[in-house]
Amino acid sequence: MNIIRDCLDALLHPSARYDVLTRARHRAFIAPRLLGSLAALAAFPVFLATRGAPTAIEVAAFAWLIAPILLSWFLSRTGRYEGAYALSSLALAGLVMTVAANTGGIESFAAIWLVVIPLEAALSASRRVVTFASVLALACAGLLILLGQFDMLPTPDSSTLLRGICMAFGVASGTLYAAGLAFSAESLARTSVSLLSVEEDRYRLLARNMSDVISRHSRNGAVQFISPAAETMLGAPVARLVGHGLFDRVHVADRPAYLTALSDAARGDEERSVEFRVRRDTPRGGERLANNSVDFIWVEMRCRPLGQGSVTTASSEAEVVAVMRDVTDRKVQEQALDLARTAAEQADASKSRFLATMSHELRTPLNAIIGFSEMIVQEDALMLDAARRKEYAQLINDSGQHLLSVVNGILDMSKMESGSFEISPEPFTPRAALLNCCNLLALKARENGIELVTRAPQDLPDMTGDPRAFKQILLNLVSNAIKFTERGGTVTVSAAVEGSRLVLRVSDTGVGIATDDLARVGSPFFQAGKTYQRRHEGTGLGLSIVKSLVGLHAGEMSVQSKLGEGTTVAVALPLAFTPPAQPSSNIATLTPGLRSGQPDQPSQVKKSA
């Protein structure tokens, strides 16, 4: 059998060798015709030996038995399956007409074979071929009837017994041929069902083992089918995703995009792509979510309308087939890239601010040092007296002290950002430290015409922390407040215990900070507002150092201000501080509008430092 099958496959047209069903149909057409023709050729010499010279009808019958070889050759060369069956119907109709016309017309034993013509054409699985064969058989029957009515057919000269035998032969042969066609039809049907089952198993296996989710949707987004991979992706059974179950899981903000993509794909013939978030029952790590929180994953969906060969019809609603893929990892990477890009932009901006600030803060005192020192060197030519030399020396000293403070600030900030700034917690009295810092800055406040008010209760408890850092926090905050307060203004320094924390508040009636600048307060080298950006010297590191020192003490810093009405900076430090393994800092920016003297108003918007 395998040898015969291989020989038949060698005769097939190349277009039929790669499709199992087409190959089976071509084999079913060629095999019986070749076998029948070969049997006829083998029986022809025996027929001649027993009957002698054949009649014209017998020659036509044998010629028809050899004709299938030509039909098989036509199909193997062209691959035109329907055309081969149409030619076979013509050949069979021609044989039946020839035999019937010479053996009694419509009453001939061969007329019964006209019924076989449409049956044979049915194997083509083509309505056009079946229609053609049916019309051809009816036309042949009608022609035989007409010829018999007008006595245009020869009357066969045979006995009743012989005619009965011929009729029986015709019926038996036609029945056997029809049975063979029925068996061929059943074999082809069984082959089709088997191939369909194999194809379904293959696609089912692919859909079950693919990591991507395959789904079929109606135009309104309802799921008609979804592959089992959805259970792995969404952590929910397929039965809960059919219908509008998947839509209910789509993030509310992404539902319009989801429905729009499906609707556009259903209306047109182009592929649509959309990314949206879908709720997942089980977290990606497999652990249960705490506090009944919701876990969403990012999904990329590519959808397109079902083709003409799908189960949909012209009158049914358009459907869409979609392939969904989990792209959460890619989204996380994109977000990480965005954060890295933002960090790089901030670093570049910090560098620019650093260069702009340092170019002013370093060159100004250096110019003073160089200029006044040159004047002292040329004191003989300039005839400087002792008072003038002392004044110049004091200016040089002040400029040097300013340079030293700038360098110290930069070094401290660098140590804090690199994590090498060490604090030494120890018990100390915060009230004494607060009064000491205010006394140090009292002279500067009087020189600027500013009233410095200190409110430190007598019963402030001792606290554990770095006293040096505590003093630096106070000195930076109070000096900043004095710097940005106009003459006649007031700076208020207060301390109070709130729960387990000591809260320091430094309020002023100075120029204030604009709303847009509040979010950037505490950034290194940032100086807020064009109104006072260059009216006061400084590097913009004061609040940055304060923020870092507060973070090293596991505290919080909040800034509240309104332009032209003053600023309030609140620092909350734990009374009993123990250094954490990884220190962190937090800064909270309060909403603008809290005036100096109203430190207890609520409404805070906290930001991670």
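The values are calculated or read from the model by the stated rules, or taken from the named source; none is laboratory data. The structure presented is a predicted model; accordingly, all values stated were derived computationally and were not measured. Counting neighbours? That spans all protein chains shown, and the Cβs are built from the backbone with ideal geometry, glycine included.
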Handout entry: Selection from the stretch 206-251 of residues that are at positive phi and either without any contact (Cβ under 8 Å) to a residue 40 or more places away in the chain or outside any loop (DSSP other than H, G, I, E, B) (or both)
Key = Gly243
Problem - Pairs with Cβ under 7 Å, 6+ apart, first in the stretch 319-335 and assigned to a helix (DSSP H, G or I), second modelled with pLDDT of 90 or more and among the hydrophobic types (A, V, I, L, M, F, W, C) - result: Thr328/Ile297; Thr328/Trp298; Lys331/Trp298
Practice task
Identify, from the list Leu41, Leu35, the residue that is surrounded by 13 or more Cβ atoms within 10 Å (Cβ to Cβ) and farther than 21 Å from Pro118 by Cβ.
Solution key: Leu41
Practice task
Could you tell me whether any residue of the stretch 216-226 is of a type in the set (D, E, K, R) and either loosely packed, with under 13 Cβ neighbours inside 10 Å or modelled with pLDDT under 85 (or both)?
Solution key: yes
Fill in the blank from the handout: Residues of the stretch 1-36 being at pLDDT below 75 and hydroxyl-bearing (Ser, Thr, Tyr), in sequence order, are Ser15, Tyr18
Exercise for the section: With respect to Ala63, determine if the residue is in the same structural domain as Pro32 (by TED's automatic domain parsing), closer than 22 Å to Ala178 by Cα and without any contact (Cβ under 8 Å) to a residue 24 or more places away in the chain. Expected result: yes
Completion exercise
Among residues of the stretch 419-478 being of a type in the set (Phe, Trp, Tyr) and within 19 Å of Ala496 (Cα to Cα), the residue farthest from the chain's Cα centre (by Cα) is Phe428
Exercise for the section: Sort out for me the helices (runs of 4 or more DSSP H) sitting completely within the stretch 75-150 that have 3 or more residues that are free of Cβ contacts under 8 Å to residues at least 24 places away in the same chain and of a type outside the set (Ser, Thr, Tyr). Expected result: 127-149
